[in-house]
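Every read-out reported here was derived from the displayed coordinates using simple, explicitly stated rules and does not represent laboratory data. In this text, all values refer to a predicted model and were calculated from it rather than measured experimentally. We place every Cβ from the backbone using ideal geometry, glycine too, and count neighbours over all the protein chains shown.
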Amino acid sequence: MIEPMWTVTHFLASILLIAATGCASWFMKGEPAEVLVTNVTPLESTAFEQRLQVDLRIRNPNDFDLLITGIDFTLALNGKKLARGLGNTGVTVPRLGDAVVSVQTSTSTFDLVRQLLNFSRSQDLSYEITGLLHLKDGRLPFDNSGTLLDKGQLSDLPTR
């Protein structure tokens with residue numbers, strides 16, 4: 001006969017093992033990487049879809065290399081979701097260094113037009129990027145925001 005305490009102990013140990021292997025980033029030492037948007041370039045478009053190239057600078061403040069195997073992110077401009085990006089390009093971000101990764105993504109042409117109609121040259125062009133860095137041994141979440149263009153740099157845009 002199996003003792004109930006033995007079964008409960010095995011069950012809890014199994015749950016802990018599954019959680020630990022699925023969340024290797026929980027045990028990562030050091031600081032999280034910083035992901036910054038450095039450029040957004042329009043590519044080809046159709047009536048319903050706009051392709052974009054998003055250039056990201058990944059900064060590693062740690063004393064060890066980050067072996068990145070992919071990235072999954074959501075990009076918002078001025079508080080409104082613009083695009084979701086997925087990339088499987090591998091890159092090693094050196095210790096105390098950075099690397100630039102370019103990811104091609106797409107957004108709805110309607111979402112892009114809505115962004116343009118709501119934009120005013122009297123405001124900054126700000127962004128927020130959230131997502132996951134896929135590493136050789138797990139995943140690291142990131143969340144960052146910044147300004148792509150200050151309102152003073154947008155003087156050539158027409159007023160609405």
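Contact order normalised by length for segment 45-95, with contacts defined as Cα pairs under 8 Å and 6 or more residues apart; what percent is it? The partial results should precede the final answer.
Working: 60 pairs, mean separation 19.7, N = 51.
That works out to 39 percent.
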Size of electric dipole in segment 42-87: Cβ of Lys, Arg +1 and of Asp, Glu -1, about Cα centre, debye, nearest 20: 260 debye
Counting pairs of alpha carbon atoms under 8 Å apart in space and at least six apart in sequence, what relative contact order in percent does segment 32-129 give? 32 percent
Gain in span if fully extended, residue 84 to residue 116, counting 0.36 nm per residue against the direct Cα distance: 9.7 nm
